[in-house]
Each structure stands twice: as C-alpha cells, then as structure tokens.
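Only the coordinates and a few stated rules stand behind these numbers; no lab work does. Here the structure is a predicted model, which is why all the values come from computation and not from measurement. Because the Cβ atoms are built from the backbone with ideal geometry, glycine has one as well, and the counts that use them run over all protein chains shown.
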Amino acid sequence: MVAAGHRLTAEAGADVLRAGGTAFDAAIAAVVMACVCEPVLCSPGGTGHAMIRDGSSGEISVVDFFAQTPRWSRRPDGVGVRAVHADFGPASQAFHVGPATSATPGFFAGVEALHAAGATWPLADLFAAAIDAARSGVAVTAFQHFLSTVVRPILVATPAAAELFAPGGEVPATGDRFRNPALATTLEILAEQGFVHSDVGRACVAAQAESGHLTAADFDAYEAVVRPPLSVPVGERTVHLNPLPAASGTLIAHTLRHLARPDPLGVALALRATGEARDRAGADLSGLDSATLRQRGTSHVSVIDASGTACAVSVSNGEGNGELVDGFGFMLNNILGEEDVNPAGATGWPVDTRLSSMMCPTMIESPDGDLVALGSGGSNRIRSAIAQVVIRLCLEGADLVEAIEASRLHVESGHLDFEDRFDEQTREHLCRSFVDHRAWPEPNLFFGGVHAASVDGHGGFTGCGDARRDGVAVVVD
C-alpha cells in the first residue's frame, strides 16, 4: 500500500513494489517523484523526517534529515530576506523568502539513509520514473494549480523562478503540462554522484555566496540522524511519534495526555492546553510534561510492504526561498523564514543547530498486529491534524477513511479555526468556548493532509489519501 499527495507520487512507489522492491525502495521513488509533481512542497533543496519499521524485527526508528542552521550568520543585517503573503481564502499567512532564509538541506542525506536502511535497488533505477516525468512533463492538477496560486509570490520572486513556474506571468492552469528538464538533469547527477561534492552541491553553495549564510562547510558537515521514536499508549494501541528535537511528537503527546474526552470540544480544549504549555516552555520542550514524556509546505508518503516493513516519510521545502539554483530547476528551502519552525526569526536563529520541526511521521501499532503509517503536511496544523486522526482511530473506533475525512479544527494562541461541518450543537459549544474563532466553509489544505497506509493482522491492506491535499492511495495486488 502506498498513500501520497499526488497520483504520480503514489504510483511511482506502487510500481516499485509491484516489481519486487521494498518499502524503502518505494518510499525513495515516491519522494523523488514528489520533487517533480509537487514542486511547491518537495525539493532536493529541502528537508524531512522518516519513521521506519523493520518487518522482520518490528523495530521502529526515526530518520531525522531536517534542516540544520548555518554554521555562522553571515548576514545579521537582514539582507537576503523579504516578506511575502500567501492567500488561503479565509486566511492569509506571512512567509519569508530570499537566500538568507535557507538552512542546510537534508533531503538527499535522508534518501541515502533510507537506501542504506533497507533498499535493494540502485538509486538510478529508483530515480528513473521521476527523471522521465521531469523531462516529458506532468499534467497540472487542480490542487497543484490552487497551491501555486496560494504561493505565487514565491514562485515569481525572481525572473528565473517566474520563467519556470509562471511562464507568461501566470502559474500553469489545470491540465497544462509542466516540464522541468533542469530538474531531470539534477536527479541524474544526484543518482550518480551524490549531492555534496557534485555540480548540484557546488551550485547550491554558489547560490548562497552573495546574500545567503550557507557555505561548503555546512554541506560537508551535514548528517542524517537516527533516533528512537517517542512512543505513547492511546487506548489499547501504541502511537509512535517524532521525538525531540522535533517539537511535533512532544506536542501531540501532550494533547493526547490532556484529552478529557474525545469529542471536538474536548480536542479543542486539549489543543489549547498544549498551546499554552508550549508558550510557557518557550524554545525548550524537554521539560514539557516531563513526568510522562521524554511545517508549512510539507508533503507526506506512507508505504507498507508485504513483509510489514513500513516507511512514513514527511518532506518539505518550506515554500522555497524564491530563487532557483542556477541551471538545476529547484529552489533551496526557506526554513529559516518559517516562524513555527524558527520563532527566533530569519536573523535570530542559533548557529549550527538542528531545528525543531513540526513534521511528524507516525506509526500506530495494535496488539492484534494492525499497523498504520501516516503523516501530514500543514505547518503548525500538522500536530492538530495528526492528533485528531489518532484520537478517532484509537479512542473512537473510526476506520481509516472516516478518521481522515472527518471535520478538523486547530487552536493557535487561543484562536480556533474549524471546518464548518460539525452538527449544530457541537458548533455552538465550540463557538461559545472560543469567542475568537473562524469557521471555514469547506475542507481546506490549511488543516493539513493526512496520507495513511495500514495493514491488519491478517495481511489486509487499506489506505487513504487526504482529499484536502489531493491525496491518493494505491493498493498493490
């Protein structure tokens, strides 16, 4: 089973499984394809986290290939940073872009770590479908068109970026064919030479020379890190979350532990309690509930193979820094400009530090052998999206599709956003408890996109791609 945020992403993974590849092989093929068909969300200049499960031993671990801050700040005066705004419809959101918003990317280091963990195919074979798609082009979906309009100020921030992503001044319409032959060349180079010492890596360093912070030393020093998951019991199941330094798992665990009841108001109150606890804790979440506990533009892929080996991989480019790496068809990330990831701001970050991500690839295990692999995009809404799906699966007995399609809400700084599909009584309780609220008339990508794959104890596979983010699930016969 493969679930992902685009049909081509899911099918790239499914094709590998059909041909005998492992979940690791499939996950790599899928996330590389996502760079082609989900370019706003995924890029070789981006970052991520993966939760992996060995089907033989049942061991679960987390691969952290998230962004590392530069080794020193070369532009403390704010040069190389500017603000833009994205329009979600009912709400807008500020973004910061420019060369000085880029942290050290870990995407390819993550691919290499997944490959070493259990892939069986050469990278060139796993990249082949994405390379072909980048050259021949992919049809723009309605969701990708909408997402491009939301972040259009970033896609047209420089003439070179505008020429690729908005030829003629407009982002491609639904059904148009988007081609990126420069990205195809990039993927060929990465498969053969790796990232750091290739022409691609050198071009990334050159792109930072004038007004960015990154140098060759940042790329040379970067490593993916393997960590144990943060595991918490929820009902009769065990939920495995992303551990510190990522903030997501700790915040979700706090919400689950402070849930008085699993109805929408109970969830909203628990989310508010978590937000307040986070504000009190500041940047250090290590003491949050210490007695019981030890991103914006994000896409997710969940894969489970026939052996029970599983990969839940969340990848992000922020929204991109607005500038193409010359000749290679992608942007470096703008993670230093992400307020939820880097609250210190684009000029106040700590040097040479693994940033605290909101990404949370997640796995849920049941005593009867059921396994669910899931994750979500959605910036600071990732934690609320995953918490709500976990609550519905583990405490309310919902099936996977019901849990993902149900109305969603989010609480931030005491403000409630909710999809206005609750019954009238629930809606009244929510509005009375949160005077500061905003009702969204229909499901929206603002509330994340949970893509999940599951297998039961008898080997039956199911999956669900969240329609909020054009999700697709493919069962491999």
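Odds and ends about this structure:
- Here r is the Cβ-Cβ distance between ALA19 and ALA467 and R0 is 25 Å; the resulting FRET efficiency, rounded to 0.05, is 0.30.
- Residue order, fewest to most surrounding Cβ atoms within 10 angstrom, among SER231, SER43, SER102, SER148: SER231, SER148, SER43, SER102
- With R₀ set to 22 Å, the beta-carbon distance separating ALA116 from VAL475 gives a calculated FRET efficiency near 0.20.
- Dividing the mean sequence gap of close Cα pairs (under 8 Å, 6+ apart) by how many residues region 351-436 holds gives a relative contact order of 17 percent.
- For region 270-283, 3J(HN,Hα) computed residue by residue from phi via the Karplus equation (6.51, -1.76, 1.60; θ = phi - 60°) reads 5, 5, 5, 4, 5, x, 5, 5, 5, 4, 5, 6, x, 6 Hz, glycine and proline entered as x.
- Averaging the Cα positions of each part gives two centres, and for region 12-87 and region 296-333 these lie 4 Å apart.
- As a proxy for reagent exposure, ASP125, ASP470 were ordered by neighbouring Cβ count within 10 angstrom, fewest first; the result is ASP125, ASP470.
- Computed extension length for TRP72-ARG202: 44.9 nm, one decimal, from 0.36 nm per residue of separation with the Cα-Cα distance subtracted.
- Distance from region 377-420 to region 189-249 (C-alpha centre basis), Å: 27 Å
- Charge dipole of region 172-297 about the Cα centre (unit charges at C-beta), most positive-ward option of ALA268, PHE219, CYS204: ALA268
- Spin-label zone in region 444-475 - amide nitrogen under 16 Å from a point set 7 Å from the Cα of ASP368 along the C-beta vector: 454-462
- Charge sum, other residues only, whose C-beta stays under 15 Å from ALA139's C-beta, Lys/Arg counted +1 and Asp/Glu -1: -1
- The chain: C-alpha gyration tensor shape, a/c 1.5 cut-off, then a/b vs b/c: rounded
- Neighbourhood net charge (12 Å Cβ-Cβ; Lys/Arg +1, Asp/Glu -1) for ILE404: 0
- A Förster radius of 35 Å combined with the Cβ-Cβ distance from ARG421 to ALA160 puts the calculated FRET efficiency at roughly 0.25.
- Among residues other than GLY348 with Cβ under 14 Å from its Cβ, the summed charge is -2 (Lys and Arg +1, Asp and Glu -1).
- Annotation: amide H of VAL325 within the under-5 Å range of PHE330, MET331, LEU332, sequence separation 5 or more or interchain, hydrogens built in the peptide plane.
- Here the Karplus relation 6.51 cos²θ - 1.76 cosθ + 1.60, evaluated at θ = phi - 60°, turns the backbone of region 235-244 into coupling constants of x, 8, 10, 10, 10, 9, 10, 6, x, 4 Hz, with x for every Gly and Pro.
- J(HN,Hα) series, region 107-115, from Karplus relation 6.51 cos²θ - 1.76 cosθ + 1.60, nearest Hz, glycine and proline x: 3, 6, 4, x, 4, 4, 5, 5, 5
- Distance (nanometres) between label positions extended 7 Å along Cα→Cβ at ASP125 and SER413: 5.1 nm
- Cα shape, region 327-477, gyration tensor, a/c 1.5 rule: oblate
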